[in-house]
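Beneath this line is the structure, given in structure tokens, with notes to follow.
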Amino acid sequence: MAALSLPPLALGDPTLADRHLLALPAGVEPEEIEVLAASRFRNVRWEDRAASEAPTRTGMLPAVTAALGIRSVPRASARPARALRLARLSSLAGPYGIVAHDAIALGLPASTVMVWVLQAPRERGERPWPGGDRDGLKRAFPDGLPIREEERVLQWLVAAARRLGGAVRTQTGVVLTPDPDAATDLTVLTDRWLEPAVVLAVVQTVQPRAYLSVATPGSWAGPTVLAGRGSHGAVGGVSEVGGSGLRAALEEHGVADPDDRRRLMAEADAYDELVLAAPPPAEAFGVLVDLGMDGMLAVEVAACEQLPPLMEDLPWTKAGVVAYRVRWEPFEIEQIEREKPSFEHRVARSRSAPLIATLTKALHAVAGGEVADEADFLVDPTDL
């Protein structure tokens, strides 16, 4: 979609400062925005309302920017902007055209050619706690993070910018440019259940070192002799083994008679032996691949409890869906929640991301279904 075919954004409109903006490069069609919205929100729809409800400029009106002053911009032959209803109180209007120097004046990437304007309620909570800030929202809202509907639509806005290579200018004036490479994890959603041995064999075609993640029978021999009734408060200056207060709780609420305790332990041991001899069918399992200093790859298989809204009405999802989640866990796990992770993390991620794509494609070839990314946006398997 060429920028000249879009109604221009009215940079001098005073209401623009109170809106969140989604800035996108060339080549993004409104239908793509609609699909991404329907992947996160129910009842997404285009609304018939005048484009004048969102900021535009017509005729020879001045475009005001703090950095570049006032210029007169002629009206171009433009298709009308539309409004996409996201939630009860939130809608996204656009697209509006913007030229490079105006985008730069707003702090947006110079590649920006179109802008969508989010109208949403302003709902703010407490000041952000210290810690990870992968999306940069803590940096953008230091006085109080968005909550409720504003939080949901703003998180979607950032996810859409990451997927489409764009940026988000928040109402506070902070520009967020999420790194598309940061979204590595993928999920195969299908109605087919594959047994652990089958999934392991598929993963081993890509990574021969893959192994099933299962509990080792007999690896736990019960509490230590110093835990519970066997403890006598602090041991060698260290707090009571087994947790503070465990001994007192057992003395007050536990089985006091030693013969009854031995009988209960024998019954528990017999039940454990029975389960180990004939274990129930697996309802969830995992396959792991050790990548050394690059971390771990994990394929987690379980029932999907919440589908992307876009898939809820598909006939084959009615009887239940199985999720095959292909995740990367870096060696330094805290790096994954940083807005700007370390160089070493980015190098490890660049080596792990192709493996995730290849594993996902191999699983999809066997299980079928759909592929979704971390934001629940669907991905064409041929693009992996």
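What to note about this one:
- Distance in nm between pseudo-label sites at residue 43 and residue 155 (7 Å out along the Cβ direction from Cα): 2.0 nm
- Cβ-based net charge around residue 139, under 10 Å, with every Lys or Arg adding one and every Asp or Glu removing one: -2
- Accessible surface, 1.4 Å probe, highest first, among residues 340, 138: 340, 138
- Our coupling estimate for segment 129-146, obtained by passing each phi through the Karplus curve with A = 6.51, B = -1.76, C = 1.60 and θ = phi - 60°, is 7, x, x, x, 8, 4, 8, x, 5, 5, 5, 6, 10, x, 8, x, 6, x Hz, Gly and Pro reported as x.
- With each label modelled as a point 7 angstrom along the Cα→C-beta vector, the residue 133-residue 269 pair spans 5.6 nm.
- Here the Karplus relation 6.51 cos²θ - 1.76 cosθ + 1.60, evaluated at θ = phi - 60°, turns the backbone of segment 332-347 into coupling constants of 9, 5, 5, 5, 5, 9, 8, 5, 10, x, 5, 4, 4, 5, 5, 5 Hz, with x for every Gly and Pro.
- In plain terms, the chain from residue 17 to residue 35 could stretch by 3.8 nm, reckoned as 0.36 nm per residue minus the Cα-Cα distance.
- Across segment 265-277, rounded Karplus estimates of 3J(HN,Hα) from the backbone phi angles (6.51 cos²θ - 1.76 cosθ + 1.60, θ = phi - 60°) give 5, 5, 5, 5, 5, 5, 5, 4, 5, 5, 5, 5, 6 Hz, Gly and Pro being marked x.
- Taking all protein chains as shown and a probe of 1.4 angstrom, residue 145 keeps an accessible surface of around 50 Å².
- Other-chain or far-sequence residues with amide H under 5 Å of residue 191's (modelled H): 322
- Across segment 321-384, the relative contact order, built from alpha-carbon pairs under 8 Å that are at least six residues apart, equals 25 percent.
- Of all lysines in the structure, those lying under 25 Å Cα to Cα from residue 138, and not within fewer than 8 positions of it along the same chain, are 340.
- The residue among 270, 301, 319 whose Cα reaches farthest toward the positive pole of the charge dipole of segment 265-332, with charges on the beta-carbon of Lys, Arg, Asp and Glu, is 319.
The values are calculated or read from the model by the stated rules, or taken from the named source; none is laboratory data. Note that the structure is a prediction, hence the values are computed from the model and not measured. Backbone-built Cβ (ideal geometry, glycine too); neighbour counts: all protein chains shown. When the accessible area is computed, the model is the full protein with side chains, heavy atoms only, and any ligands, DNA or RNA have been set aside. Shrake-Rupley method; radii C 1.70, N 1.55, O 1.52, S 1.80 Å.
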